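Working notes for the structure below.
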Amino acid sequence: MKKKQILRHRLVLGLLLIAAAALFTWAQSVLADSADEDLPPSSFADYFLPFAQERIYQEPEDYELESSVPISSFPMIGLEDIVFIPPIPIAEPTPATVTTLTSEYIQRLMSFDYLVSNIFLVDRYTALFPSDIDTEAFLRTDLRIDTTVTGPQVLIFHTHSLERFVDSNPLNPMDSVVGVGRHLAELLSNYGIEVLHYTAQFDVVDGRPQRRGAYERMEPVIQQVLADNPSIQMVIDLHRDGVREGHGPFITYINGERMARIMFFNGLSRQYRGGQVTEVPWLPNPYQQENLNLSFRLQLAANELFPGFARRAYLREFRYSLHMMPMSMFVEVGNQYNTVDEAMRAMGPLAEIIAAVVLQGPSLQ
């Protein structure tokens, strides 16, 4: 009798193990990369944790940086908030590059199919509708910022300050995405734009790395920064992308220089599950159209000035840091396999692209 019970228990245990293996295999297939190499992968938690009945956090997070390692291993000491003031009157600001669109290209941009194949990359768990993109209206919108106002006109910050590169020195804060943001701020100031680089860490809690909840911790702080600096007209949340092991760096060459590729990123506050599209009411973004317009225009400028530099603008289901101001940018620089130098070099073309969009008038008169 006991032998039969033991055999029965072993059979049940074997079936449970088989079921667990099947579930794991299914989860891996769900999270597999798209055939498009530009599709950024996400963690298991990104897709399954956010859809619980009771939500604690507003945005999905990768948990790779959560650990018991003290923040002394991830220092940001030594970087302070700095306002980069344009180098005047001792030097004239760098003139913004003028971009133009041919009538033939504008006609192609009127096609929604062309947009989702060449300009935007839509995540499988969200949806973009033709009504979201009014190409003619986007091209006629004046996105210029006023550089004559007193105070910083652009804010750069980092929801994820601990993102580093393959050869980053953990003891050098300039080797992180924050150092890359500092370089971008300095370059933008050469175009006559006053930039505040804000270095607060939102992915650190009680002295330890903690990505979960970073967007919630970021929002009230950045809202206060905006309230304290009413001259700010555009915000940039600068990140470093993450890919699965073995993918390799995102690389392009501009004028013979090897550098990281960048990607503009938008959240649509919209989920696609089981053939159904539903809005995300707890994550409203009153500036979604303006966000999309800015990414659209930046992508067009990037494609014209530096073909291959910008991956397609990626659209996901949440809102991230894009709901606090109409002119809000979320930019990914390279990935964890890029070097610090590659990321730093990418800031030159990115600054030129930004200046071309925010310092010249509409693309279509």
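The values are calculated or read from the model by the stated rules, or taken from the named source; none is laboratory data. These figures come from a predicted structure and were not determined experimentally. Don't worry about glycine lacking a Cβ; one is built from the backbone with ideal geometry, like all the others, and counts go over all protein chains shown. Areas reflect the complete protein model, heavy atoms only, side chains present, ligands, DNA and RNA absent. Shrake-Rupley method; radii C 1.70, N 1.55, O 1.52, S 1.80 Å.
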- Does Arg312 meet the test of being open to solvent by 10 Å² or more (accessible area, probe 1.4 Å) and part of a strand (DSSP E or B)? yes
- Message: Here is a check on your reading of the model: is Gly348 surrounded by 23 or more Cβ atoms within 10 Å (Cβ to Cβ) and closer than 14 Å to Ile262 by Cα?
- Response: no
- Among (1) surrounded by fewer than 16 Cβ atoms within 10 Å (Cβ to Cβ); (2) in contact (Cβ under 8 Å) with a residue 40 or more places away in the chain, where does Asp206 come up short? (2)
- Item | Number of the exception - Gly213 against (1) more than 15 Å from the chain's Cα centre (by Cα); (2) open to solvent by 20 Å² or more (accessible area, probe 1.4 Å); (3) over 27 Å from Ile193 (Cα atoms); (4) not acidic (Asp, Glu) | (2)
- Query: If Val98 passes every condition in (1) in contact with a helix residue (DSSP H, G or I) (Cβ under 8 Å, 6 or more places away or on another chain); (2) under 22 Å from Ala260 (Cα atoms); (3) in a loop (DSSP other than H, G, I, E, B); (4) among the β-branched types (Val, Ile, Thr) but one, which one does it miss?
  - Reply: (2)
- Query: In segment 326-340, what residues are in contact (Cβ under 8 Å) with a residue 40 or more places away in the chain and either open to solvent by 30 Å² or more (accessible area, probe 1.4 Å) or β-branched (Val, Ile, Thr) (or both)?
  - Reply: Val331, Val333, Gln336, Tyr337, Thr339, Val340
- Task: Please specify each residue of segment 115-134 satisfying the condition of being without any contact (Cβ under 8 Å) to a residue 40 or more places away in the chain and within 25 Å of Glu352 (Cβ to Cβ).
- Result: Leu115
- Can Thr278 be described as open to solvent by 10 Å² or more (accessible area, probe 1.4 Å), closer than 30 Å to Thr102 by Cα and either assigned to a loop (DSSP other than H, G, I, E, B) or in contact with a strand residue (DSSP E or B) (Cβ under 7 Å, 6 or more places away or on another chain) (or both)? no
- Message: Can you tell me which of (1) at pLDDT below 95; (2) open to solvent by 40 Å² or more (accessible area, probe 1.4 Å) is the one Ala227 doesn't meet?
- Response: (1)
